[in-house]
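The structure's right below; bear with me while I get my questions together.
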Amino acid sequence: MSIVYKADPTRGAVWARLFAERMPEMPFHLWPETGDPAAVRYLVAWQPPADIMGTFPNLEVLFSVGAGADQFDLSHLPSGLPVVRMIEPGLVSGMVEYVTLAVLALHRDFPLYREQQQARVWNALPVRLAPTRRVGVMGLGVLGRAVLERLAGFGFALSGWSRSPRSIPGVECHAGPEALPRFLAGCEILVCLLPLTAATRGILDRRLFAALPRGAGLVNVGRGPHLVAEDLLAALEEGQISAAILDVTDPEPPPPEHPFWTHPRIWLTPHTASMTQPETAVEAVIANLRRHARGEPLQGLVDRGAGY
């Protein structure tokens, strides 16, 4: 019985060292080295081999190295193969840091001040305090809840939207497509932390932007295909969106001629809002391996029907 890691090889070397220290009884292999393929029971990957069961005929669990599993084509994976998203403290902390920075930057008009600086304009805008502004988070899973908890410390009015009902102290929660307009109507800063599914692809579009208060700010740390790029550019041109901070694009990176690179009201980062931290990720995977050995439910198990 063994485990194979198929992702970034530099981080993989750290995984190998940590597994040797913390679970030495489990043989650990770095792709493309796999040992005996028939002995492989667990695969940790960003992208699995094209013929996953042909490569590892006795595979029991597929672990994603990221918080999502949308990079996997679930329709091409055996229906009985458990797929597990990464839930680990380092990844959560990184996302909380990034979103907090982005929300505060939009709240205090930093994109506009950066634009003014480049134009050598000295113009002070009125300062609003956090309790006078509402921040909305789309996606109320582990990451969304952690982000809201941190933002609550600044005093922001908070709203959340998800596919199914949630209850979070201090957060005005909305659920389902019929509640989306009411959620959007109050959000001066909107954060997208949704999983990417057929239902959420292209959700950040002209119609959604029109439902926000005029001059709202946008943070997309979900996935690039959530956003309709042309609609964002139009909303920025019209002033419906004041500024956007994007950590994800479609494709990644954008082509050299793409207007996102040079738009004065768009801040772009290269999908770095949060990264799985090897030390805590290994602990999370080992904990799940032990749950699996005991026949217990796996943490982060993907619901095939929902897609996440």
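The values are calculated or read from the model by the stated rules, or taken from the named source; none is laboratory data. Owing to the predicted nature of the structure, the values given are computational and were not obtained by experimental measurement. Note that each Cβ is placed from the backbone with ideal geometry, even for glycine, and that neighbours are counted across all protein chains shown.
Take the range 150-171 and flag every residue that is free of Cβ contacts under 8 Å to residues at least 40 places away in the same chain, farther than 17 Å from Glu188 by Cα and surrounded by fewer than 19 Cβ atoms within 10 Å (Cβ to Cβ).
Those that are free of Cβ contacts under 8 Å to residues at least 40 places away in the same chain, farther than 17 Å from Glu188 by Cα and surrounded by fewer than 19 Cβ atoms within 10 Å (Cβ to Cβ): Gly153, Ser164, Pro165, Arg166, Ser167, Ile168, Pro169, Gly170.
Which residue pairs have Cβ atoms closer than 7 Å, lie 6 or more positions apart in sequence or on different chains, and pair a first residue in the range 122-139 that is not assigned by TED's automatic domain parsing to the domain that holds Leu194 with a second residue that is part of a loop (DSSP other than H, G, I, E, B)?
Partner pairs satisfying both residue conditions: none exist.
I would also like to ask the following. Those residues that are touching a Phe, Trp or Tyr at 6+ places or on another chain (Cβ under 8 Å) and exposed (fewer than 13 other Cβ atoms within 10 Å of the Cβ), I need them from the range 10-37; list them, please.
Ala20
Given the range 142-221, what helices (runs of 4 or more DSSP H) lie entirely inside it while holding 3 or more residues that are touching a helix residue (DSSP H, G or I) at 6+ places or on another chain (Cβ under 7 Å) and farther than 24 Å from Tyr308 by Cα?
Per the criteria, 206-211.
Being touching a residue at least 12 places away in the same chain (Cβ under 8 Å), in contact with an Asp or Glu (Cβ under 8 Å, 6 or more places away or on another chain), within 19 Å of Asp70 (Cβ to Cβ) and not aliphatic (A, V, I, L, M) is true for just one of Thr280, Thr272. Which residue is that?
Thr272
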